[in-house]
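Novice: The structure that follows is given in the form of structure tokens.
Bear in mind that the values in this text are calculations on the coordinates, not laboratory data. Just so it is clear, the structure is predicted and the values come from calculations on it, not from any experiment. Reconstructed Cβ throughout: ideal geometry from the backbone, glycine too, with neighbour counts over all protein chains shown.
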């Protein structure tokens, strides 16, 4: 199935803004809430997620089309996708430890959590469910990861601003963050008119 530029553009806009993986599908909430305290850390996490999801979409699409479908073992897709994601996250972790140790330290426990980030697996499974070809799957993965990055950076910026505000004691900390995330989800519903 070949994809036209128009179809790819619709996938790009839909996956990044309209059907934002965090704010409308509620996938990837653990790193979204945990790593969004500072914008530079959130941007680093977003970059790592973009790399992992895009690459996982490409590799899982190729494996699904040329191995799982060819040998009629599509029922193994979830296990195979988890293994692919785990290997890619290990690669990213090794790269960051050597190349950008400060970002590696800042991400801490959340970097290995990309392995269990349901957004990564969700994209691979969505690509199969919607019967995207390899190129459309890669575009969907990239757009989904960009949507994740946009939302985590916005939340991090808002959290940095909220540190200087007075809140009632019952709203300090995570209640304010969850309320802010809920308001962001409502705001992102406005993008549904784009398509």
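Novice: Here are a few candidate values for mean projected area of the Cα convex hull in nm²: [x] 11.9; [y] 14.7; [z] 10.2. Which one was actually calculated from the structure I just gave you?
Specialist: Calculated mean projected area of the Cα convex hull in nm²: the matching label is [x].
Novice: Among 50, 67, 153, which one shows the biggest mean-square fluctuation in a GNM of the chain, springs joining Cα atoms closer than 10 Å?
Specialist: 67
Novice: What is the helix-to-structure angle for 134-162, meaning the angle in degrees between its Cα long axis and the longest Cα principal axis of the chain, kept from 0 to 90 and rounded to the nearest 10?
Specialist: Approximately 10 degrees, to the nearest ten.
Novice: First measure r as the distance between the Cβ atoms of residue 72 and residue 161, then evaluate 1/(1 + (r/R0)^6) with R0 = 41 Å and state the FRET efficiency to the nearest 0.05.
Specialist: The formula returns an efficiency of 0.15 here.
Novice: Measuring from centroid to centroid over Cα atoms, what is the spacing of region 117-168 and region 46-86 in Å?
Specialist: What the calculation gives is 18 Å, centre to centre.
Novice: To the nearest 10 degrees, how steep is helix 39-63 against the longest Cα principal axis of the chain, on a 0 to 90 scale?
Specialist: 10
Novice: Which of 181, 99, 43 ends up with the largest GNM mean-square fluctuation for the chain, with Cα atoms connected below 10 Å?
Specialist: 99
Novice: OK, next. Specify the residue with the greatest mean-square fluctuation among 91, 81, 148, computed from a Gaussian network of the chain linking alpha-carbon atoms under 10 Å apart.
Specialist: Maximum fluctuation in the GNM of the chain, among the listed residues, is at 91.
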